[in-house]
Amino acid sequence: MIYLVKIGFLPIRIWDILDILIVGYLMYLIYRLLRGSIAFNIFVGVLMLTMVAWLVNRLQMDLLSTVMEKFVEVGVIIIVVIFQPEIRRFLLFLGNTTLRQRSHFWERLLNRNFQATPKKEQEVMALKAVMLRLSKQRIGALIVLSKNANLEGLINSGVRLDAQISEPLIESIFTKESPLHDGALVIANGKLQWASSVLPVSDNPSLPKSVGLRHRAAVGITERSNVAAFVVSEETGSISFSIEGKLDRKLSEDGIIELLKRHYL
């Protein structure tokens, strides 16, 4: 047996370090998925209950250990029932950030290296221009940039477009007279893929009380998938940006261009 290092009488193998890193990464993913929700408090409670059960078992407190073991056995079923949506989102999130992204690695690499950059730059400027125009007219909008992320199971309803990016088309979608203005516009693979899509709403209590459903939907979808979202406020006309469950408000024109180039190109 080959050991990487020894700390006193404790030998540490390279597999021990790998084990710690993998468990730490999984705990981080669980934290990202559950942070800011009631489910996170429940998860912490279940974790503490499991630790207490392990401790009383090590202390050989037989009666309490038996009771705690029963709680833990039943708790597994309770966790599956209570956390069914979170478990499903976790598996989707894990798949989106590993297998699916790796399968598209070469495709994205080729697109960045060989695709006509003037077209992409033109689309970025079109998106920027239409968001500024919507902002000036106080027309609410929610635009999701999904790239190659799989949003199956996260987006409810919506109208399939599969259309080229166009300023007049995007503006017409979000005008109040349009039947598609209430939902989100999803952009993927350089096209307007879906309109009037219903997104999961974040229940993060740290979000400002002044933000509305559009902002909470933008945060909600970025909490659950590797996407970015822009929001135009109907009340103030300000433009916000969300990624990884974080919300950046009142963007400048230069900030919009920078974010578009980073998350769209």
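Checked against (1) of a type in the set (S, T, N, Q); (2) in contact (Cβ under 8 Å) with a residue 12 or more places away in the chain; (3) more than 22 Å from ALA129 (Cβ to Cβ), SER210 passes all but a single condition, namely (2). Keeping to region 237-248, report how many residues are in contact (Cβ under 8 Å) with a residue 12 or more places away in the chain and surrounded by fewer than 17 Cβ atoms within 10 Å (Cβ to Cβ). Adding up the residues that qualify gives 4.
Of note, GLY255 does not satisfy the criterion of being buried (at least 19 other Cβ atoms within 10 Å of the Cβ) and not in a strand (DSSP E or B). Considering region 206-227, and only residues there that are under 8 Å from the mean Cα position of the chain (by Cα) and of a type outside the set (Ser, Thr, Tyr), the residue that is nearest to ALA188 (Cα to Cα) turns out to be VAL227. The set of residues in region 167-224 that are among the aliphatic types (A, V, I, L, M), within 14 Å of ILE139 (Cβ to Cβ) and either in a loop (DSSP other than H, G, I, E, B) or not assigned by TED's automatic domain parsing to the domain that holds MET131 (or both) contains only LEU180.
Yes or no: ARG160 charged (D, E, K, R), over 16 Å from ILE256 (Cβ atoms) and either at pLDDT 90 or above or touching a Gly at 6+ places or on another chain (Cβ under 7 Å) (or both)? Spelling it out, it is not the case that ARG160 is charged (D, E, K, R), over 16 Å from ILE256 (Cβ atoms) and either at pLDDT 90 or above or touching a Gly at 6+ places or on another chain (Cβ under 7 Å) (or both). Restricting the search to helices (runs of 4 or more DSSP H) fully inside region 1-116 and requiring at least 1 residues that are modelled with pLDDT of 70 or more gives 14-34, 38-58, 62-82.
The values are calculated or read from the model by the stated rules, or taken from the named source; none is laboratory data. Only a predicted model underlies this, so the values are computations on that prediction, with no experimental measurement involved. FYI the Cβ positions are ideal-geometry reconstructions off the backbone, even for glycines, and counts take in every protein chain you see.
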